[in-house]
Amino acid sequence: MLEIEGLSAGYGQVRILHEVSVRIDAGEIVAILGSNGAGKTTLFRALFGFADVTAGSLRFGELDLRGTPAFEIAKAGLVHVPEGRGLFPGMTVLENLMVPVQADRGRLQDRRDMVFEIFPRLKDRLGQAAGTMSGGEQQMLAIGRGLMAQPRMLLLDEPSTGLAPKLVDEVFERLALIHEREPGMGILVVEQSVADTIAICSRGYVMERGCVVLDGTSAELQNASALEEAFLGTTGHR
Ligand code: ATP
């Protein structure tokens, strides 16, 4: 469904991604793992036209993403939850949830109920300003907002960033629950938190210095010494 083939991209003269190929089908949860600066965020930016693509093909179903404006891509069902969450801090939980939604009242109600079932805490805090919520709550709100748009595929950029280990576990538990509730939706999760991510994904890719250096099933990745090397070897320490 999302097919990235031979993608090279960067910013101006600076080339960050080198011939990256990644594929994810409907209903899969797939990980992209890599340490700081590996190019994970740049990969997402390139999909939406926010990095300079110099080569490769980017397809979402029938849609050619190159040259398609970001709002059209989102409308086609490819929804991005950015690192740093991208919430409106002065707006309430409810207002943040409603931002991306264009739907009739009945469907809106259904989506909201589904989001509240996955993240009950959001329901208790509807009138609270998003910026006053804890980091974990904000992350859940950002994912909930992504779900409101009824995506065909959800792209999550480092949902564990800045969270205490217990909250990281909670966020990943919720992702597994989302997968259960929306079995047809693809989820592509970019992470540094290897063990948590592998536990919920069926497959994954490892990126290092702008290249995919390894890919395989979760079990294969779990055993791969190259995975350790990608995080502990040439790219520094964790
Ligand atoms: P992290 O886990 O730290 O978020 P990442 O894997 O998401 O890292 P990117 O944010 O894609 O990595 O960054 C990859 C490289 O691109 C880094 O060396 C970064 O400094 C560089 N970079 C990012 N944004 C720009 C920009 N606007 N202009 C030039 N270089 C940039």
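Any read-out appearing in this document is the output of simple, stated calculations on the displayed coordinates, not a laboratory observation. Every value quoted in this text rests on a predicted model; they were computed, and no experiment measured them.
A few remarks follow.
- Each Cα pair under 8 Å and six or more residues apart adds its sequence gap; the mean of these over the residue count of the chain is a relative contact order of 28 percent.
- Gain on full extension, evaluated as 0.36 nm per residue between Tyr11 and Ala26 minus their Cα-Cα distance, stands at 2.4 nm.
- Cα-based shape type of the range 53-128, given that a ≥ b ≥ c are square roots of the gyration tensor eigenvalues and the cut on a/c is 1.5: prolate
- The range 1-123: relative contact order as a whole-number percent, Cα under 8 Å and 6+ apart: 22 percent
- Residues whose amide H lies under 5 Å from that of Leu65, counting only those 5 or more places away or on a different chain, are Leu58, Arg59, Phe60; hydrogens are built 1.01 Å from N in the peptide plane.
- Whole-Hz ³J(HN,Hα) from phi, Karplus 6.51 cos²θ - 1.76 cosθ + 1.60, for the range 8-17, glycine and proline x: 10, 7, x, 10, x, 7, 8, 8, 9, 9
- At q = 0.19 Å⁻¹, base-10 log of I(q)/I(0) for the range 1-106 (Debye sum, equal scatterers on each alpha carbon): -1.07
- Its Kirkwood hydrodynamic radius, worked out from the mean inverse distance over all distinct Cα pairs, puts the range 168-217 at 11.9 Å.
- Between Leu94 and Glu62, full extension at 0.36 nm per residue minus the direct alpha carbon distance yields a gain of 8.2 nm.
- Listed residues Gly146, Gly61, Gly27, most fluctuating in the chain (Gaussian network, C-alpha, under 10 Å): Gly61
- Whole-Hz ³J(HN,Hα) from phi, Karplus 6.51 cos²θ - 1.76 cosθ + 1.60, for the range 167-172, glycine and proline x: 6, 4, 4, 5, 4, 5
- The range 139-228, relative contact order in percent, only Cα pairs under 8 angstrom and at least six apart counted: 24 percent
- The chain shape via C-alpha gyration tensor axes, a/c threshold 1.5: prolate
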